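Chemist: Mind having a look at this structure? Questions to follow.
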Amino acid sequence: MPNDFAYELIHSYSNSGLATLQTASCFYVLYICLIASSNKPLWRVLLVHGASGMIGTLLENIYISKKSCCVDEYWPFLLAINEISWVCHESSTVLYSLLKLEIVILHQRTLTTIRGMMGIIFLAFTSFRVMIGYYRFIENTTMSFNIARAHSYAFICWGVADLILAFLLVLNTVEHLRKHRSVFITLLRSSILRMSVLIVNTAVISIVGQFSDPSPTISNINTIAWTIKGSYPVKRVQNLIL
(Lines give C-alpha, C1' and ligand atoms only; values in the text may rest on other atoms or scores of the structure.)
Protein backbone atom coordinates (compact mmCIF):
# COMPACT_ATOMS: atom_id res chain seq x y z
CA MET A 1 0.00 0.00 0.00
CA PRO A 2 1.29 3.53 -0.83
CA ASN A 3 0.39 4.83 2.63
CA ASP A 4 2.26 1.95 4.27
CA PHE A 5 5.32 2.64 2.14
CA ALA A 6 5.29 6.37 2.96
CA TYR A 7 5.00 5.55 6.67
CA GLU A 8 7.86 3.05 6.50
CA LEU A 9 10.05 5.53 4.61
CA ILE A 10 9.51 8.25 7.23
CA HIS A 11 10.00 5.66 9.97
CA SER A 12 13.25 4.49 8.35
CA TYR A 13 14.68 8.01 8.36
CA SER A 14 13.48 8.76 11.89
CA ASN A 15 15.10 5.58 13.22
CA SER A 16 18.42 6.31 11.53
CA GLY A 17 20.24 9.36 12.79
CA LEU A 18 22.97 8.73 10.21
CA ALA A 19 20.50 8.78 7.30
CA THR A 20 18.96 12.01 8.56
CA LEU A 21 22.36 13.61 9.13
CA GLN A 22 23.64 12.44 5.74
CA THR A 23 20.59 13.81 3.95
CA ALA A 24 20.67 17.13 5.83
CA SER A 25 24.40 17.55 5.20
CA CYS A 26 24.11 16.77 1.49
CA PHE A 27 21.07 19.05 1.13
CA TYR A 28 23.12 21.83 2.75
CA VAL A 29 25.96 21.23 0.28
CA LEU A 30 23.56 21.33 -2.68
CA TYR A 31 22.01 24.57 -1.40
CA ILE A 32 25.40 26.28 -0.94
CA CYS A 33 26.62 25.07 -4.36
CA LEU A 34 23.49 26.40 -6.07
CA ILE A 35 23.62 29.85 -4.46
CA ALA A 36 27.39 30.05 -5.03
CA SER A 37 26.84 29.55 -8.80
CA SER A 38 30.50 28.68 -9.33
CA ASN A 39 31.93 26.48 -12.07
CA LYS A 40 35.24 25.98 -10.29
CA PRO A 41 36.31 22.31 -10.01
CA LEU A 42 36.10 22.22 -6.20
CA TRP A 43 32.49 23.40 -6.27
CA ARG A 44 31.60 20.85 -8.95
CA VAL A 45 33.11 18.08 -6.82
CA LEU A 46 31.09 19.29 -3.84
CA LEU A 47 27.95 19.29 -5.99
CA VAL A 48 28.55 15.66 -7.02
CA HIS A 49 29.38 14.79 -3.41
CA GLY A 50 26.14 16.26 -2.12
CA ALA A 51 23.85 14.95 -4.87
CA SER A 52 25.23 11.40 -4.86
CA GLY A 53 25.03 11.24 -1.06
CA MET A 54 21.37 12.29 -1.07
CA ILE A 55 20.50 9.82 -3.84
CA GLY A 56 22.39 6.99 -2.15
CA THR A 57 20.73 7.55 1.21
CA LEU A 58 17.28 7.90 -0.37
CA LEU A 59 17.51 4.72 -2.47
CA GLU A 60 18.82 2.73 0.49
CA ASN A 61 15.94 3.87 2.67
CA ILE A 62 13.44 3.18 -0.13
CA TYR A 63 14.74 -0.39 -0.21
CA ILE A 64 14.44 -0.74 3.58
CA SER A 65 10.91 0.67 3.48
CA LYS A 66 9.82 -1.55 0.58
CA LYS A 67 11.21 -4.63 2.31
CA SER A 68 9.28 -3.78 5.48
CA CYS A 69 5.87 -3.17 3.91
CA CYS A 70 6.06 -5.35 0.78
CA VAL A 71 7.70 -8.58 1.91
CA ASP A 72 6.65 -10.42 -1.25
CA GLU A 73 8.46 -8.00 -3.55
CA TYR A 74 12.09 -8.54 -4.50
CA TRP A 75 14.02 -5.25 -4.59
CA PRO A 76 17.73 -6.01 -4.07
CA PHE A 77 18.51 -4.69 -7.55
CA LEU A 78 17.98 -1.22 -6.08
CA LEU A 79 20.92 -1.77 -3.73
CA ALA A 80 23.15 -3.02 -6.54
CA ILE A 81 22.38 -0.01 -8.74
CA ASN A 82 22.82 2.31 -5.77
CA GLU A 83 26.52 1.43 -5.55
CA ILE A 84 27.04 3.91 -8.40
CA SER A 85 25.89 6.66 -6.02
CA TRP A 86 28.22 5.51 -3.26
CA VAL A 87 31.22 5.23 -5.62
CA CYS A 88 30.64 8.84 -6.73
CA HIS A 89 30.05 10.01 -3.16
CA GLU A 90 33.10 8.37 -1.59
CA SER A 91 35.43 9.12 -4.50
CA SER A 92 34.52 12.81 -4.50
CA THR A 93 35.76 13.02 -0.89
CA VAL A 94 39.29 12.07 -1.92
CA LEU A 95 39.08 14.00 -5.19
CA TYR A 96 38.29 17.14 -3.20
CA SER A 97 41.43 16.67 -1.07
CA LEU A 98 43.47 15.96 -4.21
CA LEU A 99 42.29 19.14 -5.96
CA LYS A 100 43.06 21.17 -2.83
CA LEU A 101 46.56 19.73 -2.76
CA GLU A 102 47.13 20.36 -6.47
CA ILE A 103 46.75 24.08 -5.80
CA VAL A 104 50.05 24.13 -3.90
CA ILE A 105 52.00 21.44 -5.81
CA LEU A 106 53.69 23.01 -8.82
CA HIS A 107 55.82 20.13 -10.12
CA GLN A 108 54.02 18.47 -13.04
CA ARG A 109 55.85 15.16 -12.62
CA THR A 110 54.76 14.98 -8.98
CA LEU A 111 51.16 15.74 -9.95
CA THR A 112 51.19 13.04 -12.64
CA THR A 113 52.53 10.46 -10.17
CA ILE A 114 49.93 11.37 -7.54
CA ARG A 115 47.08 11.21 -10.06
CA GLY A 116 48.28 7.80 -11.24
CA MET A 117 48.38 6.47 -7.68
CA MET A 118 44.90 7.84 -6.95
CA GLY A 119 43.63 6.23 -10.16
CA ILE A 120 44.92 2.80 -9.10
CA ILE A 121 43.38 3.21 -5.63
CA PHE A 122 40.10 4.28 -7.23
CA LEU A 123 39.97 1.06 -9.27
CA ALA A 124 40.62 -1.00 -6.13
CA PHE A 125 37.94 0.91 -4.21
CA THR A 126 35.42 0.50 -7.04
CA SER A 127 36.04 -3.25 -7.16
CA PHE A 128 35.17 -3.53 -3.46
CA ARG A 129 32.04 -1.42 -3.96
CA VAL A 130 31.02 -3.79 -6.79
CA MET A 131 31.57 -6.63 -4.33
CA ILE A 132 29.31 -4.87 -1.80
CA GLY A 133 26.63 -4.47 -4.47
CA TYR A 134 26.93 -8.15 -5.34
CA TYR A 135 26.55 -9.30 -1.72
CA ARG A 136 23.64 -6.92 -1.16
CA PHE A 137 21.92 -8.29 -4.26
CA ILE A 138 22.31 -12.01 -3.55
CA GLU A 139 21.73 -11.68 0.23
CA ASN A 140 18.88 -9.17 -0.16
CA THR A 141 20.06 -7.02 2.75
CA THR A 142 21.90 -3.77 3.41
CA MET A 143 24.30 -5.28 5.95
CA SER A 144 25.86 -8.65 6.68
CA PHE A 145 29.30 -9.89 7.70
CA ASN A 146 30.40 -10.18 4.05
CA ILE A 147 29.15 -6.65 3.32
CA ALA A 148 30.80 -5.22 6.44
CA ARG A 149 34.10 -6.89 5.53
CA ALA A 150 33.98 -5.54 1.96
CA HIS A 151 33.09 -2.11 3.39
CA SER A 152 36.19 -2.15 5.58
CA TYR A 153 38.42 -3.10 2.64
CA ALA A 154 36.90 -0.29 0.56
CA PHE A 155 37.69 2.22 3.28
CA ILE A 156 41.21 0.88 3.63
CA CYS A 157 41.71 1.89 -0.01
CA TRP A 158 40.72 5.49 0.63
CA GLY A 159 42.55 5.40 3.96
CA VAL A 160 45.77 4.73 2.02
CA ALA A 161 44.88 7.59 -0.34
CA ASP A 162 44.29 9.91 2.62
CA LEU A 163 47.65 8.98 4.13
CA ILE A 164 49.44 9.74 0.85
CA LEU A 165 47.73 13.11 0.49
CA ALA A 166 48.27 13.95 4.16
CA PHE A 167 52.00 13.15 3.86
CA LEU A 168 52.33 15.48 0.87
CA LEU A 169 50.33 18.13 2.70
CA VAL A 170 52.65 17.91 5.71
CA LEU A 171 55.69 18.32 3.45
CA ASN A 172 54.13 21.41 1.89
CA THR A 173 53.25 22.84 5.31
CA VAL A 174 56.79 22.29 6.60
CA GLU A 175 58.11 24.13 3.56
CA HIS A 176 55.68 26.97 4.28
CA LEU A 177 56.83 27.12 7.91
CA ARG A 178 60.45 27.51 6.82
CA LYS A 179 59.45 30.67 4.98
CA HIS A 180 56.90 32.22 7.32
CA ARG A 181 57.74 30.84 10.79
CA SER A 182 54.15 31.16 12.03
CA VAL A 183 53.28 27.66 13.24
CA PHE A 184 49.87 28.44 14.75
CA ILE A 185 48.49 30.42 11.79
CA THR A 186 49.86 27.92 9.29
CA LEU A 187 48.18 24.99 11.04
CA LEU A 188 44.89 26.88 11.22
CA ARG A 189 44.94 27.68 7.51
CA SER A 190 46.19 24.29 6.35
CA SER A 191 44.08 21.16 5.92
CA ILE A 192 46.27 19.02 8.19
CA LEU A 193 43.83 18.96 11.11
CA ARG A 194 40.90 18.12 8.82
CA MET A 195 42.88 15.39 7.09
CA SER A 196 43.94 13.98 10.49
CA VAL A 197 40.32 13.61 11.59
CA LEU A 198 39.44 12.00 8.26
CA ILE A 199 42.33 9.51 8.46
CA VAL A 200 41.59 8.48 12.05
CA ASN A 201 37.88 8.11 11.33
CA THR A 202 38.53 6.05 8.19
CA ALA A 203 40.90 3.82 10.17
CA VAL A 204 38.24 3.25 12.86
CA ILE A 205 35.61 2.27 10.25
CA SER A 206 38.08 -0.09 8.55
CA ILE A 207 39.09 -1.80 11.81
CA VAL A 208 35.57 -2.14 13.21
CA GLY A 209 34.41 -3.69 9.94
CA GLN A 210 36.68 -6.67 10.58
CA PHE A 211 34.63 -7.80 13.61
CA SER A 212 32.15 -10.56 12.72
CA ASP A 213 30.31 -10.25 16.06
CA PRO A 214 31.06 -6.78 17.49
CA SER A 215 30.36 -6.04 21.15
CA PRO A 216 28.00 -3.19 22.12
CA THR A 217 31.03 -0.96 22.74
CA ILE A 218 32.47 -1.68 19.29
CA SER A 219 29.04 -1.09 17.74
CA ASN A 220 28.76 2.27 19.51
CA ILE A 221 32.22 3.27 18.29
CA ASN A 222 31.17 2.30 14.77
CA THR A 223 28.02 4.44 15.07
CA ILE A 224 30.07 7.45 16.21
CA ALA A 225 32.55 6.98 13.34
CA TRP A 226 29.78 6.81 10.75
CA THR A 227 28.08 9.83 12.29
CA ILE A 228 31.30 11.82 11.95
CA LYS A 229 31.53 10.61 8.36
CA GLY A 230 27.99 11.82 7.74
CA SER A 231 29.08 15.36 8.57
CA TYR A 232 31.88 15.37 5.95
CA PRO A 233 29.83 17.36 3.37
CA VAL A 234 29.35 20.26 5.80
CA LYS A 235 33.04 20.25 6.69
CA ARG A 236 33.93 20.41 2.99
CA VAL A 237 31.78 23.50 2.46
CA GLN A 238 33.16 25.21 5.56
CA ASN A 239 36.71 24.46 4.46
CA LEU A 240 36.07 25.90 1.00
CA ILE A 241 34.27 29.04 2.22
CA LEU A 242 36.65 29.82 5.07
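The values are calculated or read from the model by the stated rules, or taken from the named source; none is laboratory data. All values reported here derive from a predicted model rather than from experimental measurement. Note: ideal-geometry Cβ built from the backbone for every residue, glycine included; neighbour counts use all protein chains shown. Keep in mind that these areas ignore ligands, DNA and RNA; they rest on the heavy atoms of the full protein, side chains included. Shrake-Rupley method; radii C 1.70, N 1.55, O 1.52, S 1.80 Å.
Chemist: Please list, ordered by residue number, the helices (runs of 4 or more DSSP H) wholly in the stretch 1-73 having 3 or more residues that are in contact with a Ser or Thr (Cβ under 8 Å, 6 or more places away or on another chain) and modelled with pLDDT under 75.
Modeler: Output list reads 2-15, 17-36.
Chemist: Further, regarding this structure: Looking only at residues in the stretch 95-117 that are open to solvent by 70 Å² or more (accessible area, probe 1.4 Å) and among the basic types (K, R), which one is nearest to L47 (Cα to Cα)?
Modeler: Step by step, filter the stretch 95-117, then rank; the result is R115.
Chemist: Right, next: Going residue by residue through the stretch 153-167, is there one that turns out to be buried (at least 20 other Cβ atoms within 10 Å of the Cβ) and touching a His at 6+ places or on another chain (Cβ under 7 Å)?
Modeler: Checked against the condition, which is being buried (at least 20 other Cβ atoms within 10 Å of the Cβ) and touching a His at 6+ places or on another chain (Cβ under 7 Å), the stretch 153-167 yields no hits at all.
Chemist: Quick check on the stretch 74-94: of everything there that is in contact with a Lys or Arg (Cβ under 7 Å, 6 or more places away or on another chain) and open to solvent by 20 Å² or more (accessible area, probe 1.4 Å), which residue is modelled with the lowest pLDDT?
Modeler: W75
Chemist: Still on this structure: When you check R109 against the structure, is it part of a helix (DSSP H, G or I), of a type in the set (D, E, K, R) and in contact (Cβ under 8 Å) with a residue 60 or more places away in the chain, yes or no?
Modeler: The answer is no for R109.
Every residue, every condition in (1) modelled with pLDDT under 90; (2) closer than 14 Å to I164 by Cβ; (3) β-branched (V, I, T), yes or no:
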residue: Y96; (1), (2), (3): yes, no, no
residue: L99; (1), (2), (3): yes, no, no
residue: L106; (1), (2), (3): yes, no, no
residue: R109; (1), (2), (3): yes, no, no
residue: F122; (1), (2), (3): no, yes, no
residue: S127; (1), (2), (3): no, no, no
residue: I132; (1), (2), (3): no, no, yes
residue: M143; (1), (2), (3): yes, no, no
